[in-house]
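S.K.: Could you have a look at this structure, given as structure tokens, before my questions?
Each reported figure results from applying straightforward, stated rules to the coordinates on display, with no laboratory input. Keep in mind the model is a prediction, meaning the values are calculated, not measured. Cβ placement follows ideal geometry from the backbone for every residue including glycine, while neighbour counts extend to all protein chains displayed.
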Amino acid sequence: MYDAVPVFEAKNKLPFFIHLAETDGPVPITRHNQEVAYIISKADYEEMRNATKPKKSIIEKLQENRKKYGLENDDFDYTEYFDSLRDRSYFGRPC
């Protein structure tokens with residue numbers, strides 16, 4: 001990362017600092033000796049943006065796949081089916 005740059009210098013040499021952000025990483029911008037902004041590359045921005053997107057839950061993914069394959073109106077009782085497969089014994093022993 002580059003040393004902090006005052007706003008007036010960033011304004012006067014913006015193309016240079018944009019290139020610097022693309023090659024060396026974020027460039028901090030200061031006003032009155034306090035960091036107030038950063039110039040970052042598009043690649044860094046996209047990476048940051050994708051990292052903060054909320055992940056879909058398994059239920060949401062399942063619902064999307066059901067719609068994708070035309071199963072959203074399927075009335076099969078999956079709960080009853082999976083309950084029938086469950087081992088009801090305690091550690092494999094009958095209760």
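S.K.: Only bridges whose two residues both fall in the chain count here: according to DSSP, what percent of them are antiparallel, nearest 5?
M.R.: The answer is about 75 percent antiparallel.
S.K.: Another one. Show me 6-14, 64-72, 25-33 ranked by packing, highest mean number of other Cβ atoms within 10 Å first.
M.R.: The peptides rank, most packed first, as 25-33, 6-14, 64-72.
S.K.: Would you compute the Debye intensity of the chain from its alpha-carbon atoms alone, equal scatterers and no solvent, and pass along log10 I(q)/I(0) at q = 0.10, 0.17, 0.19, 0.22 Å⁻¹ to two decimals?
M.R.: Results for the chain at q = 0.10, 0.17, 0.19, 0.22 Å⁻¹ read -0.57, -0.86, -0.95, -1.06.
S.K.: Separation between the GLU46 and ASN33 pseudo-spin-labels, each 7 Å from Cα along Cα→Cβ, expressed in nm?
M.R.: The answer from the label model is 4.0 nm.
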